[in-house]
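Step one of this worksheet: look at the structure below.
The values are calculated or read from the model by the stated rules, or taken from the named source; none is laboratory data. Values in this document were obtained by computation on a predicted structure and should not be read as measured data. Reconstructed Cβ throughout: ideal geometry from the backbone, glycine too, with neighbour counts over all protein chains shown. Side chains included, ligands, DNA and RNA excluded: accessible areas come from the protein's heavy atoms. Shrake-Rupley method; radii C 1.70, N 1.55, O 1.52, S 1.80 Å.
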Amino acid sequence: MTDNKLLNTIIGIRAVQYNSDIDYIHQIAKKIFPEFPIYIIVDCTNGKDLDEFPDYMNVIEMNDNLLELMGLYYKEKKIGWVAGDYAYYACLKYGWDYMWLLEPDLFIGQDAFEMLNSVQNMNIDLIGTNIGIRSTNWPWTNRLRATTSFHTVSGVFFPITRVSRRLALESLKIRQEISTKIKDSELRREVPNDESVIATTCNWKRYSSIDLREKYPKLFTNFGWRKRFDKSLLQSGVVHPAHDTPIFIEKVIKEMNLVFQSSPVYSSFMQTSLKNKNNILSAVFNLNTNNNLSDK
């Protein structure tokens, strides 16, 4: 690995609860950047319990009081996830020049370690993926326009980003202006997301940026937001969203239930035996091509 000590950097991991995905990305971050402090920024605006986090993790409690002190709006449900950039501001009390922010549903293969160490040594204000100007079809465009004076809206995909301290400070000012505007108005339901605030601020200030997906496309072939991946089956690249197997199964079942139960075929499916239900599912998903569909 290259020498990253030239840049004063910390690592942040966003969390809403402790699970095996958090533990995985914490361990990966230690392998890639062993010399940098790692902080778990936990959204506690909905009363999360920090006792579940292991003692070896440095946990920052992002609660109502902290956000109030920073002049940030916090009454929207899951505000710490919608406004993931809050994690950057919560860490400004530390003396960093650059900060990586990682989401827990992220897989980073060993073939990507060298790439991350390489870009870490660059004096770039914003490192991320899918960086660029967004159209009016992007739902967050209208939210940012409604709560700021920006007309041109940019975005950056947020599973893995790194920002400079000056970008974080400028973005915090924008967030504080937004918070003041929406605090006691009907706009409180129009909170812009993290992607729009960070990228638009970067573009407005004409700060530097680098798009990892454009520069290293082969490492980001499975990097999106719809198709989920089982981490146990992955070996290479940077993949999102990816989960530890039990979490993967839980989330896929939940999503399949939502789709299945909203379809008229659900009523038909429920009118047969358990054996037939299993046979139907096996046939539909091609789990067993030799499956006997008869109900004996």
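Observations
- Set side by side, the residues THR141, THR152 differ, and just one is closer than 21 Å to GLU170 by Cα and buried (at least 22 other Cβ atoms within 10 Å of the Cβ), which is THR141.
- Among residues that are closer than 25 Å to VAL82 by Cα, open to solvent by less than 10 Å² (accessible area, probe 1.4 Å), of a type outside the set (Gly, Ala, Ser) and part of a helix (DSSP H, G or I), ASP21 is included.
- Single condition ALA199 does not satisfy, out of (1) open to solvent by 20 Å² or more (accessible area, probe 1.4 Å); (2) touching a Ser or Thr at 6+ places or on another chain (Cβ under 9 Å); (3) within 12 Å of THR129 (Cα to Cα): (1)
- Considering the range 243-288, the residues that are out of contact with any strand residue (DSSP E or B) (no Cβ under 9 Å at 6 or more places or on another chain) and in contact (Cβ under 8 Å) with a residue 60 or more places away in the chain include one that is farthest from LEU212 (Cα to Cα), namely PRO246.
- Across the range 214-224, the qualifying residues are those that are open to solvent by 80 Å² or more (accessible area, probe 1.4 Å) and outside any loop (DSSP other than H, G, I, E, B), and the one among them that is farthest from TYR86 (Cα to Cα) is LYS218.
- With respect to the conditions (1) under 27 Å from ILE178 (Cβ atoms); (2) open to solvent by 10 Å² or more (accessible area, probe 1.4 Å), GLY12 lacks only one, and its number is (2).
- Hey, PRO241 in contact with a Lys or Arg (Cβ under 8 Å, 6 or more places away or on another chain) and not β-branched (Val, Ile, Thr) or not: yes
- Hey, GLY84 more than 20 Å from the chain's Cα centre (by Cα) and of a type in the set (Gly, Ala, Ser) or not: no
- Applying the criterion of being among the hydroxyl-bearing types (Ser, Thr, Tyr) and surrounded by 19 or more Cβ atoms within 10 Å (Cβ to Cβ) to the residues of the range 55-105, the residue that is modelled with the lowest pLDDT is TYR74.
- Whenever a residue of the range 228-242 is at positive phi, its partners that are surrounded by 17 or more Cβ atoms within 10 Å (Cβ to Cβ), lying with C-beta atoms within less than 7 angstrom and at least six residues away or across chains, give the pairs GLY237/ALA112; GLY237/LEU219; GLY237/PHE220.
- The residue list SER263, SER282 contains one member that is farther than 30 Å from ALA87 by Cβ, at pLDDT below 95 and not in a helix (DSSP H, G or I), which is SER263.
- Exactly one residue out of ASP105, ASP111, ASP125 is within 16 Å of ILE13 (Cβ to Cβ), in contact (Cβ under 8 Å) with a residue 60 or more places away in the chain and among the charged types (D, E, K, R), and it is ASP105.
- Checking each residue in the range 155-173 for being among the aliphatic types (A, V, I, L, M), open to solvent by 10 Å² or more (accessible area, probe 1.4 Å) and under 30 Å from GLY224 (Cβ atoms) picks out only LEU172.
- Extreme residue, surrounded by the fewest Cβ atoms within 10 Å (Cβ to Cβ), among residues of the range 202-213 that are of a type in the set (D, E, K, R) and not in a helix (DSSP H, G or I): ARG206
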